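Read the structure below first, then the notes.
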Amino acid sequence: MTGVDAYFICAVPRTGSSLLCGLLASTGVAGRPEAYFRVPDEPLWAGRWGLPAGEWHYRDYVRAALAAGRTGNGVFGAKLMWGTLDRVVEGLAAGHPELAGADDALLRRAFGRTAFVHLRRDDVLAQAVSWLRAEQTGRWTDTAPDAVDAAGPATGEPRYDPDGIDELLRTIAAHQAAWDTWFARYGITPHRVRYEDLAADPAGVTRGVLDALGLPSAGVPVRPRHARQADALNAEWIARHRART
């Protein structure tokens, strides 16, 4: 993948997508990737961009996202969860009905030469535990207070819930399979990143993504903006759940 205009980080929650977005943004050459297309966040982004509340067309929203998410070299970045992809392609199809059902063509029409980074996590139990805890507490990230995904005060207390963990394990498997099927359907070979590698060597993995996108990697700054959230409680829940099986 070289000479890209845009790229999407394709993921399932709790695979390090926010971490990777922050690392890529810190390089100054890979756009400013954020979850621009997550439906609950759209009004927040639209307000930041000065779009009239409740009156903008999706094409206007995409145009504003492109302006906000590009770096000086013209590269745009964003992240997409599996449940977000449908929102994007449906919104784009409203302006290009002749391309409805051709997701790849719709994305290229809107974003130009588009590449994909597929982020996944090998330890899906740790992923499910992290996801459950984030849902219970409302704390999804630990980042700068002015970010859309900034960590606010906890909205609930964490509680070990084996049924909830099992349900999220099923969701993770379904969403990962859906991404694999979508890539195969459109003949897309994404650059693949493992969460475990990202956590162990964030700078090295980030430079590997830059190389895959055909962007300069030597000497560029790579600085994390997110702190690790997993702690002893996560480890306790993982151990308790493994002991059940």
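Equivalent-ellipsoid semi-axes (√(5λ), Cα gyration tensor) for region 1-124, whole Å, largest first?
On the way: eigenvalues 91, 58, 51 Å².
Taking √(5λ) for each Cα gyration eigenvalue gives 21, 17, 16 Å.
Just check region 154-245 against the gyration tensor rule for me: Cα atoms, a ≥ b ≥ c as the square roots of the eigenvalues, rounded for a/c under 1.5, and otherwise prolate or oblate depending on whether a/b exceeds b/c. Numbers along the way, then the final one.
Values: a/c = 2.83, a/b = 1.44, b/c = 1.97.
Because a/c hits 1.5 or more and a/b fails to exceed b/c, region 154-245 counts as oblate.
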Seminar exercise, completed: In degrees rounded to 10, the 0-90 angle between helix 232-244 Cα long axis and the longest Cα principal axis of the chain is 70
Seminar exercise, completed: Longest the chain segment clear of trypsin sites (Lys or Arg not before Pro) sitting in DSSP loops (not H, G, I, E or B) with at most 12 other Cβ atoms within 10 Å runs 1-158
Exercise. Restricting to region 1-105, what percent of DSSP beta bridges are antiparallel, rounded to 5?
Worked result: 10
For this session: Could you pull the accessible area for residue 171 with a 1.4 Å probe, rounded to 10 Å²?
Result: 30
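With the Cα gyration tensor of the chain in hand, convert its eigenvalues to equivalent ellipsoid semi-axes via √(5λ) and list them largest first in whole Å. Intermediate values should be presented prior to the final figure.
Values: eigenvalues 168, 85, 74 Å².
The answer is 29, 21, 19 Å, longest axis first.
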For this session: Note down the accessible area of residue 130, probe 1.4 Å, to the nearest 10 Å².
Result: 20
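Counting only C-alpha contacts under 8 Å and six or more residues apart, can you give the relative contact order of the chain as a whole percent? Don't skip to the answer; put the middle values down first.
Working: 367 pairs, mean separation 73.9, N = 245.
Over the chain, the number comes to 30 percent.
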For this session: Run the accessible area of the chain with a 1.4 Å probe and give the carbon-and-sulfur part as a rounded percent.
Result: 53
Seminar exercise, completed: Relative to the chain, whose Cα atoms define the longest principal axis, helix 162-185 and its Cα axis are tilted in degrees, nearest 10, by 30
Seminar exercise, completed: Given backbone amide H placed at 1.01 Å from N, residues whose amide H is under 5 Å from that of residue 118, ignoring those fewer than 5 places away on the same chain, are 10, 191, 192, 193
Exercise. Where does helix 58-69 land angle-wise versus the long Cα axis of the chain, in degrees 0 to 90, nearest 10?
Worked result: 80
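Leaving out ligands and nucleic acids, note down the accessible area per residue over the chain with a 1.4 angstrom probe, in whole Å².
Values: 11430 Å² over 245 residues.
Each residue of the chain exposes 47 Å² on average to a 1.4 Å probe.
The values are calculated or read from the model by the stated rules, or taken from the named source; none is laboratory data. As the structure is a computational prediction, the values presented were derived from the model and not from experiment. Neighbour counts are summed over all protein chains in view; Cβ atoms, including those assigned to glycine, are modelled from backbone coordinates with ideal geometry. In case anyone asks, the SASA skips ligands and DNA or RNA and just uses the protein heavy atoms, side chains included. Shrake-Rupley method; radii C 1.70, N 1.55, O 1.52, S 1.80 Å.
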